[in-house]
1. Consider A:G158 carefully, then state whether it is within 14 Å of another protein chain (Cβ to nearest Cβ), more than 27 Å from A:D252 (Cβ to Cβ) and within 16 Å of the ligand (Cβ to nearest atom).
2. So is B:C32 more than 9 Å from every other protein chain (Cβ to nearest Cβ), farther than 16 Å from B:L141 by Cα and modelled with pLDDT under 85 or not?
3. Just wondering, is there one or more residues in the stretch A:353-365 that are more than 26 Å from A:E177 (Cα to Cα), assigned to a loop (DSSP other than H, G, I, E, B) and within 17 Å of the chain's Cα centre (by Cα)?
4. Exactly one condition in (1) more than 10 Å from every other protein chain (Cβ to nearest Cβ); (2) farther than 23 Å from A:R330 by Cβ is false for A:V55; which is it?
5. Within the stretch A:161-182, can you find the residues that are away from chain B (no Cβ under 14 Å), surrounded by 14 or more Cβ atoms within 10 Å (Cβ to Cβ) and more than 13 Å from A:R111 (Cβ to Cβ)?
6. Go through (1) surrounded by 20 or more Cβ atoms within 10 Å (Cβ to Cβ); (2) over 15 Å from A:L288 (Cβ atoms) and name the single condition A:M209 misses.
7. Could you go through the stretch B:106-119 and let me know if any residue there is within 22 Å of A:H129 (Cα to Cα) and either more than 14 Å from every other protein chain (Cβ to nearest Cβ) or under 12 Å from the mean Cα position of the chain (by Cα) (or both).
8. Quick check on the stretch B:61-70. Is at least one of its residues within 13 Å of the ligand (Cβ to nearest atom), facing chain A (nearest Cβ under 9 Å) and at positive phi?
Amino acid sequence: MNDDNKINNNKSTKETIIETEVAMGVVHPAALEPYRVRLFVEDEIVKDAEITIGVNHRGIERIMEGLPVEKANSLTEKVCGICSNSHIWNSVMVAEKGLGIEVPDRAQYIRVIMGELERLHSHFLYLAHGNEVLGHETFSMRLFYIRETVMELLRMIGGNRVQYGAPIIGGVRPRCELNSKRIQKIKEGMDFVEEKAINFADRFVSDPMIMSRITGVGVISRKDALRLAASGPTLRATGVARDLRTDMECYDPFDFDVITQDDGDVKSNLLVRVLEIFESVKIIRQALKDLPEGRITNRSWEMADTPIIKSYIEVPRGTLYHSYRIEEGRTRNVIIRTPSMSNIGAMEHACIGNHITDAQLAIVQCDPCFTCTDRAIKIIEL
Amino acid sequence: MSLKSYSRARAVHVMLVYTGGCNGCDIEIVNCILSPKFDAEQYKVFLTWNPREADVLVVTGPVTKHNEKPLKEIYKAIPEPKAVVAAGACALMGGVYKNIHGEIPSEEIAGPVEEVIPVAAKVPGCAVRPEDVLSGVVAALPLLLNAK
Ligand code: SF4
């Protein structure tokens with residue numbers, strides 16, 4: 001008892017008593033994934049929020065410990081079912097960096113195409129889920145309908161609707177080679193997606209009901225977003241133009257804009273994703289237009305021991321980090337940090353000050369993906 | 001035909017529980033019931049999040065130790081007769097998370113689902129295809145309809 005009090009006193013200097021606590025989870029209807037939220041409520045206004053994760057921990061990093069590098073890479077795909085390609089991409093990049101492997105241009109282009117298709121499907125899923133939480137099922141259905149085109153393209157290239165990861169060390173899987181028929185299909189798909197997405201966006205922003213529901217809800221200020229280390233579209237929705245794609249080598253040949261919005265509320269978050277869809281379509285079109293000729297895998301490399309190599313890339317939800325070292329062809333000291341991990345602080349913060357019915361919306365606006373987020377962490381104050 | 005099975009033949013409610021998979025299967029299942037392409041709602045299959053309303057429980061994921069108890073609770077809350085569909089390689093045999101250890105038992109995983117609650121139908125795949133989920137749910141239906 002005494003110890004408990006001490007800990008509490010250390011945490012908050014001023015003791016506040018909040019009457020009501022609304023706890024949801026681990027399995028809750030509104031939250032698709034297993035996680036736990038505690039909302040501290042006063043007069044139906046959320047005063048404090050706490051998100052606990054951990055029920056999903058499967059210990060992927062530990063399973064990867066000591067596996068052959070190729071096998072470990074394909075295992076990272078199973079970290080997340082939404083951005084599976086990004087995980088394997090980053091994991092492969094760690095090995096390539098460490099072993100100094102050169103990736104053929106054509107493979108880089110195909111990787112970018114896969115990455116952008118993944119961004120499309122992830123953003124459509126986000127928008128569909130967001131609209132469902134908003135209570136607008138028609139929009140949600142429409143978005144699922146558009147998303148289906150992207151899923152079919154992913155299946156065509158990767159061979160599976162989920163877990164379609166293309167990269168392998170030194171290039172992409174032979175199956176993911178783009179022939180003229182596939183290129184034509186992707187082009188048609190992009191035309192369809194763009195047309196439908198424009199229709200959706202027009203309809204969405206001109207709907208007064210939706211706009212009044214989402215404007216000014218779940219605001220995260222720019223300062224708070226930076227303090228809480230938010231990343232990806234959540235950060236860009238607060239006006240910070242930070243996108244790691246601008247630093248990534250494989251995105252150098254492409255011309256695209258970093259989308260930002262100013263307000264940091266649900267509206268800005270939704271609009272950032274809507275606008276990013278068009279940027280992704282733009283990148284895919286450019287990549288298809290000047291797809292270089294040549295081989296897609298570089299097989300002339302040798303395994304060697306490396307020190308710990310770190311790699312950061314931009315994935316649909318933000319910044320993804322992978323690191324490991326290679327010892328006798330096996331991975332050691334694997335660390336993965338997913339973008340939702342760094343967005344949890346922003347999610348909690350976004351709930352505060354809102355009506356309790358908007359709390360779920362405020363969490364969903366940050367695009368949570370908790371199944372991939374459950375890993376052991378330690379936060380160090382700097 | 002009892003009143004219950006009469007009404008059930010006209011509306012089957014499916015509840016989905018995530019128990020630690022990678023999200024791939026889960027989204028495919030939501031997709032298969034909600035999205036206009038597969039649209040299971042036209043066959044009177046509805047997605048519900050309330051165990052007391054549900055007839056069929058679809059479980060995905062390898063059942064982590066933390067999720068074991070909630071899963072049992074949910075199973076208990078569903079009224080009889082009920083059927084469980086295990087969807088995805090994880091739910092069937094623990095997927096990559098359980099088996100890659102070889103002989104060494106995994107410390108995180110309590111599953112597969114079969115070892116926690118009785119399973120009526122199994123849908124393979126990583127991730128499951130929406131068509132397969134539908135056929136899995138349909139295969140479990142006779143269990144419900146023929147029950148007294
Ligand atoms: S079976 Fe595959 S897709 Fe489904 S939850 Fe498991 S790892 Fe993910």
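1. Working: within 14 Å of another protein chain (Cβ to nearest Cβ): yes; more than 27 Å from A:D252 (Cβ to Cβ): no; within 16 Å of the ligand (Cβ to nearest atom): yes.
Against the criterion (within 14 Å of another protein chain (Cβ to nearest Cβ), more than 27 Å from A:D252 (Cβ to Cβ) and within 16 Å of the ligand (Cβ to nearest atom)), A:G158 does not qualify.
2. Numbers: more than 9 Å from every other protein chain (Cβ to nearest Cβ): yes; farther than 16 Å from B:L141 by Cα: yes; modelled with pLDDT under 85: yes.
For B:C32, the condition - more than 9 Å from every other protein chain (Cβ to nearest Cβ), farther than 16 Å from B:L141 by Cα and modelled with pLDDT under 85 - is met.
3. Yes, the stretch A:353-365 has at least one match.
4. Evaluating A:V55 over (1) more than 10 Å from every other protein chain (Cβ to nearest Cβ); (2) farther than 23 Å from A:R330 by Cβ leaves (1) as the failure.
5. A:R182
6. Here A:M209 clears every test but (1).
7. Just the residues of the stretch B:106-119 that are within 22 Å of A:H129 (Cα to Cα), to begin with: none.
Checked against the condition, which is being within 22 Å of A:H129 (Cα to Cα) and either more than 14 Å from every other protein chain (Cβ to nearest Cβ) or under 12 Å from the mean Cα position of the chain (by Cα) (or both), the stretch B:106-119 yields no hits at all.
8. Yes, that holds for at least one residue.
The values are calculated or read from the model by the stated rules, or taken from the named source; none is laboratory data. The shown structure was predicted, so the numbers you read here are calculated from the model rather than taken from an experiment. Glycine gets a Cβ as well: all are built from the backbone with ideal geometry, and neighbour counts include every protein chain shown.
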